[in-house]
Amino acid sequence: MKLRNTLLASAFIFLSIFVLSAQQQNEKPSIIPQPANISWQGEYYTLPQETTICYNASAEKMVPWLQKLLANTDTETQLSQDGNCEGFSLKIDNEWKSALGEEGYRLNIDDKGVHIESATESGLFYGIQTLRQMFPAAIEKQQIAGEIHLKMVKIEDIPRYGWRGSMLDVARSFFGPEYIKKHIDRMALYKMNRLHLHLTDDQGWRIEIKSKPKLTELGSKGAVINGRAGYLTQDDYKELQSYATARNIIIIPEIDMPGHMYAGLMAYPELNCEEFENLSPKRATPPELYHGYEVGWSKFCTTDPKIYDFVSEVIGELARITTGPWIHMGGDEIEDPRYEEFVVKADSIVRKYGKTTIGWEEVTKAEVDTSMISQRWNGKTEGVVTLKYIESICSSFYLDHANVPGQENTNNWCKADGVSLEDVYMFNEGDERMMGVEAALWTEKVNTSAEADNRFWPRLLAVAEVGWSPKNSRDFTDFSLRLGKQGSRLSNLNIHYFKTPEIDWDVDYQSGVFDGFEVGE
Ligand code: TNX
């Protein structure tokens with residue numbers, strides 16, 4: 001009896017292993033964003049115990065990313081420059097620029113191994129991110145043992161848009177270097193390349209400006225109700241930039257002007273000429289901090305020329321420590337008779353320091369230089385200039401809005417039911433002036449890292465795909481299936497993502513075929 005049971009049990013185990021791997025054989029690895037051209041082959045390449053990474057001189061700096069990926073597997077690697085070896089090869093050649101652009105790559109997996117090529121380091125980095133998604137999700141977290149089989153494939157991939165961004169409001173509620181770095185890592189996995197930091201607002205000033213020390217001594221001390229206070233030192237900011245640059249992400253700093261300025265005004269009240277004491281309802285009067293939610297009540301004294309000295313010092317210092325080409329001047333939600341004049345002057349200050357200005361869409365009310373970039377958010381502004389723009393329309397890209405109707409602690413002024421995953425994925429693309437997409441997370445009601453994760457993820461995967469993949473490959477059903485299979489990867493990265501109810505979250509899914517086990521389990 002006992003023996004029969006044992007035999008039955010072994011047969012069952014054997015059968016389930018067989019069924020499982022047959023199932024996995026048919027499975028296409030889930031890749032997000034969907035590559036522009038991809039053709040899966042029937043066979044698998046088995047990673048050898050020992051292998052070589054061949055690379056040419058231009059690709060050298062990208063080799064550690066591949067080593068890092070293989071470090072959690074059993075495969076041991078040797079390096080060989082300019083060799084023509086089996087195993088892995090990484091090549092950069094400027095000649096591929098016309099086909100692959102600044103960020104594209106080719107990834108071929110055949111019976112000889114894994115070959116990635118591109119015209120730039122960014123392209124190679126992205127080829128490695130695609131490969132990463134073909135590895136078992138467990139590698140995101142720990143050392144794994146056992147054979148790894150990679151499905152053979154031919155990919156030629158290039159992004160639809162050059163701007164694939166996210167914005168984090170660190171002014172209402174402060175998020176420091178630790179969270180920002182994690183966020184950068186996660187963005188990079190999904191090929192997002194712009195991180196906009198909303199650094200100042202009524203509730204807090206979050207970037208050190210050495211010539212205006214009170215901005216952080218006083219202005220950084222507050223936050224929205226339940227929010228966290230704090231600021232980035234210039235060293236923090238520089239370190240974040242190099243961390244981001246290494247992952248093909250450019251940081252865009254925003255100083256929101258001339259409105260949303262209370263934290264700056266409480267530090268330097270001479271820049272203000274409003275009578276805050278008389279406001280009804282009452283907000284805050286210097287030296288008090290402001291912890292409320294209302295917008296549009298504080299602004300620079302636009303009749304006083306000394307505000308431009310302040311703007312020039314702040315922007316000058318920020319421009320000197322900013323490696324990217326853009327500075328965001330805000331410009332949203334404020335009524336002022338001299339608004340247009342302010343925008344024109346602020347833009348010329350930004351340009352004087354060698355940067356290109358970005359502003360929220362209201363800036364198109366001013367006759368600004370055509371080099372300026374607008375960021376669309378409610379689509380209501382009647383502009384007098386036609387600028388290139390970044391698409392952040394609130395009905396698709398405001399991630400402070402609810403994941404599902406009724407979600408707590410969300411702002412739903414733009415769409416009462418919130419912004420669903422499908423709303424993000426199915427947004428209506430604009431005209432040829434659109435540079436790409438950026439999803440914004442305002443943090444009036446987002447005070448912890450877990451809450452920020454819950455609002456960003458998984459909706460940022462939809463943003464990543466609409467920013468990267470060809471329009472004709474956009475298919476919400478197919479995306480949903482691929483997204484479900486990213487669940488285990490997101491969990492292994494410790495992302496507290498929202499478990500969107502309509503997604504079949506396959507948390508056991510490992511990607512590709514994996515006969516091994518997780519060491520330590
Ligand atoms: C609008 S959009 C704002 C922010 C708020 C957000 C809340 C924009 C440029 N300004 O100040 O935080 O709504 O959803």
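The values are calculated or read from the model by the stated rules, or taken from the named source; none is laboratory data. Computed from a predicted structure; not experimentally measured. Every residue, glycine among them, receives a Cβ derived from its backbone with ideal geometry; neighbour counts consider all protein chains shown. With ligands, DNA and RNA removed, areas are computed over all heavy atoms of the protein, side chains included. Shrake-Rupley method; radii C 1.70, N 1.55, O 1.52, S 1.80 Å.
Here is a check on your reading of the model: is Glu140 open to solvent by 30 Å² or more (accessible area, probe 1.4 Å), within 30 Å of Thr120 (Cα to Cα) and of a type outside the set (Gly, Ala, Ser)? Yes; evaluated as a whole, the condition is true for this residue. Exactly one residue out of Glu147, Glu208 is open to solvent by 20 Å² or more (accessible area, probe 1.4 Å), of a type in the set (Asp, Glu) and over 18 Å from Ile252 (Cα atoms), and it is Glu147. Has the stretch 421-440 got at least one residue that is farther than 26 Å from Thr386 by Cα and in contact with a strand residue (DSSP E or B) (Cβ under 9 Å, 6 or more places away or on another chain)? Within the stretch 421-440 (the criterion being farther than 26 Å from Thr386 by Cα and in contact with a strand residue (DSSP E or B) (Cβ under 9 Å, 6 or more places away or on another chain)), the answer is no, since none of the residues qualifies.
How about the stretch 428-453: which of its residues are in a loop (DSSP other than H, G, I, E, B) and more than 16 Å from the ligand (Cβ to nearest atom)?
Once the filter is applied, which keeps residues that are in a loop (DSSP other than H, G, I, E, B) and more than 16 Å from the ligand (Cβ to nearest atom), the stretch 428-453 yields Asn428, Glu429, Gly430, Asp431, Glu432, Arg433, Thr448.
Taken over the stretch 475-508, the criterion of being under 19 Å from Tyr425 (Cβ atoms) and among the hydrophobic types (A, V, I, L, M, F, W, C) is satisfied by Phe476, Phe479, Leu481, Leu483, Leu490, Ile495, Phe498, Ile503, Trp505.
Part of a strand (DSSP E or B) and surrounded by 18 or more Cβ atoms within 10 Å (Cβ to Cβ), is that true of Gly123? Let's see the steps before the verdict.
On the way: part of a strand (DSSP E or B): no; surrounded by 18 or more Cβ atoms within 10 Å (Cβ to Cβ): yes.
In short, no.
Within the stretch 248-266, residues that are at positive phi have Cβ atoms under 6 Å from residues that are part of a helix (DSSP H, G or I) and more than 12 Å from the ligand (Cβ to nearest atom) in these pairs: Asn248/Ser122; Asn248/Phe125, counting only partners at least 6 apart in sequence or on another chain. Could you count how many residues in the stretch 315-368 are β-branched (Val, Ile, Thr) and in contact (Cβ under 8 Å) with a residue 60 or more places away in the chain? Of the residues in the stretch 315-368, 7 are β-branched (Val, Ile, Thr) and in contact (Cβ under 8 Å) with a residue 60 or more places away in the chain.
Within the stretch 274-287, does at least one residue satisfy the condition of being closer than 20 Å to Asp169 by Cα and out of contact with any strand residue (DSSP E or B) (no Cβ under 7 Å at 6 or more places or on another chain)? Checking the stretch 274-287: not a single residue is closer than 20 Å to Asp169 by Cα and out of contact with any strand residue (DSSP E or B) (no Cβ under 7 Å at 6 or more places or on another chain). Filter the stretch 385-396 down to the residues that are assigned to a loop (DSSP other than H, G, I, E, B) and under 24 Å from the mean Cα position of the chain (by Cα), then identify the one that is farthest from the ligand (Cβ to nearest atom). Checked the stretch 385-396; the qualifying residue farthest from the ligand (Cβ to nearest atom) is Leu387.
Of the residues making up the stretch 301-319, just one is over 31 Å from the mean Cα position of the chain (by Cα), under 29 Å from Ile250 (Cβ atoms) and either in a loop (DSSP other than H, G, I, E, B) or of a type in the set (Ser, Thr, Tyr) (or both), namely Tyr308. For the stretch 415-443, the set of residues classified as modelled with pLDDT under 95 and either of a type in the set (Asp, Glu) or surrounded by 22 or more Cβ atoms within 10 Å (Cβ to Cβ) (or both) consists of Glu429, Asp431, listed by residue number. Going through the stretch 269-290 one residue at a time, which ones are touching a Pro at 6+ places or on another chain (Cβ under 9 Å) and within 16 Å of Phe310 (Cβ to Cβ)? Pro269, Asn272, Pro286, listed by residue number. Answer yes or no: is there a residue in the stretch 272-285 that is at pLDDT 95 or above, within 16 Å of the ligand (Cβ to nearest atom) and part of a helix (DSSP H, G or I). No, the conditions are met nowhere in the stretch 272-285. The residues of the stretch 199-246 that are out of contact with any His (no Cβ under 8 Å at 6 or more places or on another chain), within 11 Å of Arg172 (Cβ to Cβ) and not in a loop (DSSP other than H, G, I, E, B) amount to a single one, Gly204. Of the residues making up the stretch 57-78, those that are open to solvent by 30 Å² or more (accessible area, probe 1.4 Å) and under 30 Å from the mean Cα position of the chain (by Cα) number 10.
Look at Gln129 and say whether it is closer than 26 Å to Arg489 by Cβ and either open to solvent by 20 Å² or more (accessible area, probe 1.4 Å) or not in a helix (DSSP H, G or I) (or both). No, not satisfied. Selection of the stretch 247-271 for residues being hydrophobic (A, V, I, L, M, F, W, C), touching a Leu at 6+ places or on another chain (Cβ under 8 Å) and in a strand (DSSP E or B) yields Ile250, Ile251, Ile252, Ile255. Among the candidates Gly230, Gly296, Gly204, the residue that is more than 24 Å from the chain's Cα centre (by Cα) and more than 30 Å from Leu131 (Cβ to Cβ) is uniquely Gly296.
Counting only residues that are within 15 Å of the ligand (Cβ to nearest atom), open to solvent by 70 Å² or more (accessible area, probe 1.4 Å) and under 18 Å from Thr500 (Cα atoms), the stretch 397-414 holds 1 of them. Scanning the stretch 446-460 for residues being touching a residue at least 60 places away in the same chain (Cβ under 8 Å) and more than 17 Å from Glu422 (Cα to Cα) gives a total of 4.
One residue stands out among those in the stretch 320-338 that are within 16 Å of the ligand (Cβ to nearest atom) and not in a strand (DSSP E or B): the one that is surrounded by the fewest Cβ atoms within 10 Å (Cβ to Cβ), which is Glu335. Looking at the stretch 365-384, can you tell me whether even one residue there is closer than 18 Å to Ala462 by Cα, more than 10 Å from the ligand (Cβ to nearest atom) and surrounded by 15 or more Cβ atoms within 10 Å (Cβ to Cβ)? No, there is no match, as no residue in the stretch 365-384 is closer than 18 Å to Ala462 by Cα, more than 10 Å from the ligand (Cβ to nearest atom) and surrounded by 15 or more Cβ atoms within 10 Å (Cβ to Cβ). When the criteria are applied in full, Ile393 meets the requirement of being under 20 Å from Leu195 (Cα atoms) and open to solvent by 10 Å² or more (accessible area, probe 1.4 Å).
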